[in-house]
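Undergrad: Here it is: the structure, laid out below.
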Amino acid sequence: MGTAMNFSFRGLLRRKVSKWRIALKIIRRSATLFALGIWLNTAWGPVELDKLRIPGVLQRFSLTYLFLALMVTVFARVDDSQKAKQLSPFRDILLYWPEWFLNFALLAVHIGITFALPVPGCPTGYLGPGGISEGGQYYNCTGGAAQYVDKMVLGESHLYQHPTIKEDYKTKIPFDPEGILGIPTSIFLCFLGLQVS
């Protein structure tokens with residue numbers, strides 16, 4: 001995704017395509033990918049809308065792409081003005097410091113929520129599987145803050161109802177491995193890939 005995105009946006013900017021048109025294209029592409037993910041969640045049989053699983057792999061890809069592509073568009077440079085300078089080994093950081101700042105801020109929010117958000121009935125910062133793990137001490141704490149955020153934002157009925165963790169650890173609550181709190185880390189990892197492309 002990184003290399004193609006990098007060259008694609010630079011090419012569009014060189015052809016004088018406005019950033020607004022590029023942004024609209026990004027939003028349309030992201031919405032299409034998100035909708036395709038929702039459609040795939042419903043393709044295996046009849047689904048009640050009040051129990052439709054919202055998170056998914058394609059949904060995460062779409063939101064990751066949306067954030068990164070808009071960020072690249074906003075801060076895009078047509079040419080690399082640091083090529084001939086002495087600091088050229090550091091140009092990926094110097095030229096793109098706003099993107100680095102945004103990504104580290106996203107990572108800080110992720111870490112802050114994961115380790116500081118109080119989850120009712122669970123220890124703060126718990127990341128375990130819950131259920132019978134640790135002698136059943138944290139039975140309904142599967143996923144900690146990640147599960148709690150998904151439940152509060154999307155509702156329990158819109159999460160993955162049959163994760164593998166339910167069988168392995170005899171948990172009773174739904175847990176979505178593609179939940180909301182994983183999006184900032186996906187964005188950061190894709191951003192690192194974009195930087196090396």
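Undergrad: Ignoring everything except DSSP H segments at least 4 long, calculate the 222 nm mean residue ellipticity for the chain; use -39,500 (n - 2.57) per segment, divide by total residues, nearest 500.
TA: Taken over the chain, the calculation gives -18000 deg cm²/dmol.
Undergrad: Only four residue types carry charge here, +1 at the Cβ of Lys and Arg and -1 at the Cβ of Asp and Glu. Report the dipole size of the chain about the Cα centre in Debye, rounded to the nearest 20.
TA: 1180 debye
Undergrad: In µm²/s, what is D for the chain at 4 °C and 1.567 mPa s, where D = kT/(6 pi eta Rh) by Stokes-Einstein and Rh is the Kirkwood radius from Cα pairs?
TA: 68 µm²/s
Undergrad: Next up: Top to bottom by accessible area (1.4 Å), largest first, where do LEU117, LEU49 land?
TA: These residues rank, largest area first, as LEU49, LEU117.
Undergrad: Out of the range 116-197, which trypsin sites (Lys or Arg not before Pro) are coil in DSSP terms and have no more than 13 other C-beta atoms within 10 Å?
TA: Passing both the DSSP loop test and the Cβ count: LYS172.
Undergrad: Here is a further query. Tell me the per residue accessible area of the chain using a 1.4 Å probe; a whole number in Å² is fine.
TA: Roughly 59 Å² per residue, with all protein chains present.
Undergrad: Multiplying the sequence separation of VAL17 and ALA31 by 0.36 nm and subtracting their Cα-Cα distance, what value in nm do you get?
TA: 2.9 nm
Undergrad: When the accessible area of the range 17-72 is computed with all protein chains present and a 1.4 Å probe, what percentage of it is carbon and sulfur?
TA: It is 72 percent, rounded to a whole number.
The values are calculated or read from the model by the stated rules, or taken from the named source; none is laboratory data. Model, not experiment: these values are computed from the prediction. Every residue, glycine among them, receives a Cβ derived from its backbone with ideal geometry; neighbour counts consider all protein chains shown. Each accessible area value is taken on the protein alone, full model and side chains, heavy atoms only, with ligands, DNA and RNA left out. Shrake-Rupley method; radii C 1.70, N 1.55, O 1.52, S 1.80 Å.
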